[in-house]
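See below for the structure under consideration.
The values are calculated or read from the model by the stated rules, or taken from the named source; none is laboratory data. Model, not experiment: these values are computed from the prediction. Methodologically, a virtual Cβ is constructed for each residue, glycine included, from the backbone with ideal geometry; neighbour enumeration extends over all protein chains shown.
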Amino acid sequence: MSVRGEHLARMEKAKADGVFIAGGAILSETETYDGKPKMIGSMVMTKHVSAAACRAFFEADPYVSGRVWESFEVRPFRLAETGFVKENL
């Protein structure tokens, strides 16, 4: 994954800009790799004004252009703004 550094730097900038909320690996419940749960996907939550803006954001990501992510889905999501989330996001 030669583009990992670029992707992570981009997510750090998105965090500083208030766009990135959370993200990480989706792990298999049964399969392992080197004794650790096998990564089977990724999940990223971001904040955008529209689904089109979200799609454009990810289409410009090094993981998409570098074919680390062969595809991605955009799903609308409403974050419950309570407790920690309300105070910190």
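List every residue pair whose Cβ atoms lie under 7 Å apart, where the two residues are 6 or more positions apart in sequence or sit on different chains, the first residue falls within segment 43-72 and is of a type in the set (A, V, I, L, M), and the second residue, located anywhere, is not in a loop (DSSP other than H, G, I, E, B).
43/23; 43/24; 43/26; 44/23; 45/21; 45/22; 45/23; 64/58
What number of residues within segment 59-73 are acidic (Asp, Glu) and either assigned to a helix (DSSP H, G or I) or farther than 26 Å from residue 6 by Cα (or both)?
Here is the first cut: in segment 59-73, the ones acidic (Asp, Glu) are 59, 61, 70, 73.
This time we only want the ones that are either assigned to a helix (DSSP H, G or I) or farther than 26 Å from residue 6 by Cα (or both), so: 59.
Total meeting the criteria: 1.
Looking at this structure, is residue 76 without any contact (Cβ under 8 Å) to a residue 12 or more places away in the chain, out of contact with any Pro (no Cβ under 8 Å at 6 or more places or on another chain) and not in a helix (DSSP H, G or I)?
Answer is no for this residue.
Among the candidates 39, 11, which residue alone is surrounded by 10 or more Cβ atoms within 10 Å (Cβ to Cβ) and at pLDDT 95 or above? Break it down stepwise before answering.
Working: 39 fails: at pLDDT 95 or above.
When all the criteria are applied, what remains is 11.
Would you check if there is a residue in segment 25-42 being in a strand (DSSP E or B), free of Cβ contacts under 8 Å to residues at least 60 places away in the same chain and of a type in the set (Asp, Glu)? Can you show your working first?
As a first pass, look at segment 25-42 and keep what is in a strand (DSSP E or B): 25-33, 36-42.
The next check asks that each one be free of Cβ contacts under 8 Å to residues at least 60 places away in the same chain; those that pass are 25-33, 36-42.
Checking which are of a type in the set (Asp, Glu) leaves us with 29, 31.
Yes, there is a match, as at least one residue in segment 25-42 is in a strand (DSSP E or B), free of Cβ contacts under 8 Å to residues at least 60 places away in the same chain and of a type in the set (Asp, Glu).
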